[in-house]
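Every number here is computed from the coordinates shown, using simple stated rules; none is lab data. Please read all numbers here as calculations on a predicted model, not as lab measurements. Cβ placement follows ideal geometry from the backbone for every residue including glycine, while neighbour counts extend to all protein chains displayed.
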Amino acid sequence: MASVTSLSDSVQQHLASALSATRPEAAGADPLLRRSDRADYQANGILALAKRAKANPRELAAEVVAQITTGGLIEDVEVSGPGFLNITVGDRAITENLAARYTDGERLGVPLKEDAGVTVVDYAQPNVAKEMHVGHLRSAVIGDALRGMLDFTGERTIGRHHIGDWGTQFGMLIQYLFEHPGELAPAEDVDGEQAMSNLNRVYKASRAVFDADEEFKERARKRVVALQSGDKETLELWQQFVDESKVYFYSVFEKLDMEIRDDEIVGESAYNEGMPETARLLEEMGVAVRSEGALVVFFDEIRGKDDQPVPLIVQKADGGFGYAASDLTAIRNRVQDLDATTLLYVVDVRQSLHFRMVFETARRAGWLNDGVTAHNMGYGTVLGADGKPFKTRAGETVRLEDLLDEAVQRAAEVVREKARDLTEDEIQERAAQVGIGAVKYADLSTSPSRDYKFDLDQMVSLNGDTSVYLQYAYARIRSILRKAGEVAPAAHPELELHAAERALGLHLDAFGDTVFEAAAEYAPHKLTAYLYQAASLFTSFYDKCPVLKAETPQQVENRLFLCDVTARTLHRGMALLGIRTPERL
Ligand code: ARG
């Protein structure tokens, strides 16, 4: 594995040394380099420097230019405007840079970060005995993509699926199962769909008894107490619900083409034993106080309706622990036992107040300190194509599996229309990759904090910023490489490059920097935008520069090489986001 310094970093270093050679006091100053339409890069940092040195910016810029040796990495540098530098990189430098990336295989020369930490990512957290909906989709898709990007930078990620598997609602379910044994088929005998329909049936039946029968209600309440105190028989019945639900969860995650590890499913129940201690510690430290029998934490800065302070309830007056207690206990575990340096929560923005209070409480208790960052990546709501909250015509929440099935079906139509030499099996296989990719991409390409429209027509469109467009671009490149037959891609740094080749090459060089930026900002949409642009730049390169019919054999090889670097970059980028790139479409 050999990491490659990006062209922009190399140019940046050249400029920085030219700056400090001109003005020793400018050592360490940022030349503020960015990609530009006028040249390859533009540096704007001299303006601020000149201001500080009370110098004329254009003159200072000219002095800096005089320090730069051109002809190698930097082909040309010019002063422009009030004192900008326009920088053109040499063709040879571009090709050599890509050639070095090409030999690095999977990582494309992207270095691993030096100060890597441990990020615990809390994502994909459905609830036991409940149907999954589009909200759970976002958390799963975004969380998985963030892990892919973070891992690629060298960060170590640990997944935590904080599933809702604990709480008072289980009293009713378990009591019903206790009184109607055999209603829930054993988990090993059912598939995902059967599991969910069994759970739904038991849920509805128990709800009906619960609402109609006061005595049942009382027995259900006692069941909660038995559950929390660890009664063996009660726990066994509870486990049946969890197991049945997991069969269902796994079937949905499989449909989503997402790997979920069993040892990372650590739900609310896992923190049951630690919760009394969490409460005791908070009370002893004075972080939480008793109020009307409950144990609560108050915040000056957090107020709700009528300017009333909103407390965080650690323990209810009846002694029960809830959602906040499990999250606080989870923080202790993640920081103290898993050595997390970052806690990332991919949870609906509607829970952001909860997390603000939980984080602040943990900070006061010292469980979160300066060495740990906690962040709730609150994502927006999924809306229907009409821009209204996503519901079925009957006004019900849409089942996630139905939605995924429909996406795959729509993708099959698109694939079938274009497919020439694919068998029906191949069409179905591609349809799953295209359909699920489309759902993931649409989600990821929207800034996570924004709501987004679930619009299948748009998602599986071949035109525009969609995964299908990217998948077709990738498949097209692969087909060009196949057509080349015996002719292998090879870099020829001595060749002059066409403007479209330069633009593509400079963009491919920025892959690593883009992944690092997108990972650091938890912004998968920056990576999708990058990949989309890569595909667009490829398209214009392919329009303007014949590949297999290029003028000389060297040029054919060099263009095939550019094709291959593009394909690898697209493949790697999409893979980080959890999206497949079929070889043929
Ligand atoms: N299960 C919850 C829900 O469906 C999400 C859990 C989020 N994670 C957490 N640590 N609280 O809303």
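Sparsely packed loop sites in region 230-319 (the GluC sites (Glu not before Pro) outside DSSP H, G, I, E and B with at most 11 other Cβ atoms within 10 Å) comprise GLU259, GLU273, GLU292, GLU301. For the residue pairs LYS204/LYS391; LYS204/LYS246; LYS113/LYS246, the alpha carbons lie more than 28 Å apart in LYS113/LYS246.
Here the spin labels are modelled as points 7 Å beyond Cα on the Cα-Cβ line, and at ARG364 and GLU215 they lie 4.6 nm apart. Sequence-distant contacts, meaning Cα pairs under 8 Å at least 6 residues apart, place the relative contact order of the chain at 15 percent. Please find the FRET efficiency linking ASP263 to GLN428, where r is the Cβ-Cβ separation and R0 is fixed at 25 Å, and quote it to the nearest 0.05. It comes out at approximately 0.20. One decimal place: the segment LYS51-SER540 gains 171.9 nm when fully extended, by the rule 0.36 nm per residue minus the C-alpha distance. Candidate cross-link partners of LYS232 among the aspartates and glutamates, defined by an alpha-carbon separation under 19 Å and a same-chain spacing of 8 or more, comprise ASP165, GLU179, ASP243, GLU244, GLU268, GLU273. Taking chymotrypsin sites (Phe, Trp or Tyr not before Pro) across region 296-382, none is in a DSSP loop with at most 11 further Cβ atoms lying within 10 angstrom of its Cβ. Across region 258-290, the residues whose backbone nitrogen lies under 14 Å from the label position 7 Å along the beta-carbon direction of GLN336 are 271-285. The simple spin-label model puts a point 7 Å past each Cα toward its Cβ; for GLU106 and GLU396 those points are separated by 4.4 nm. Pairs of Lys residues in region 402-576 are counted when their Cα atoms are under 28 angstrom apart and they lie 8 or more places apart or on different chains; the count is 11. For LYS316, the aspartates and glutamates whose Cα comes closer than 16 Å to its Cα, not counting residues fewer than 8 places off in the same chain, are GLU277, GLU283, GLU292, ASP327. Our compactness index for region 291-413, the C-alpha radius of gyration over the empirical 2.2 N^0.38 Å, is 1.41. Restriction of the trypsin sites (Lys or Arg not before Pro) in region 66-151 to DSSP coil positions whose beta-carbon has at most 15 other beta-carbons within 10 angstrom yields LYS113. Computed over region 357-503, the convex hull of the alpha-carbon atoms projects to a mean area of 16.5 nm². Placing a pseudo-label 7 Å from each Cα along the Cα-to-Cβ vector at LEU548 and ARG280 gives an inter-label distance of 7.5 nm.
Each 10 Å bin, from zero up to the one with the longest distance, holds this percent of the alpha carbon pairs of region 402-576: 10, 34, 33, 19, 4, 0. Just to verify a number: FRET efficiency for ASP307 and ALA208, C-beta to C-beta distance, R0 = 51 Å, to 0.05? That gives a FRET efficiency of 0.75. A cut-off under 15 angstrom between Cβ atoms defines the neighbours of MET357, and their net charge, with Lys, Arg +1 and Asp, Glu -1, is +1.
Taken along its principal axes, the alpha carbon cloud of region 122-266 reaches lengths of 57, 30, 25 Å, longest axis first.
Taking only the C-alpha atoms of region 37-186, Rg followed by Dmax gives 28.9, 89 Å.
Extension gain for the segment ASP421 to ARG584, taken as residue separation times 0.36 nm less the Cα-Cα distance, is 57.7 nm to one decimal. Over the residues of the chain, the helix contribution to mean residue ellipticity at 222 nm works out to -17000 deg cm²/dmol, using -39500 (n - 2.57) for each DSSP H run of at least 4.
Summary of the geometry: region 479-553 and region 241-289, compared by the centres of their Cα atoms, lie 44 Å apart.
The convex hull drawn around the Cα atoms of the chain, when projected onto a plane and averaged over every direction, covers 33.4 nm². Axis of helix 169-179 versus longest Cα principal axis of the chain: the two differ by about 50°, to the nearest ten degrees.
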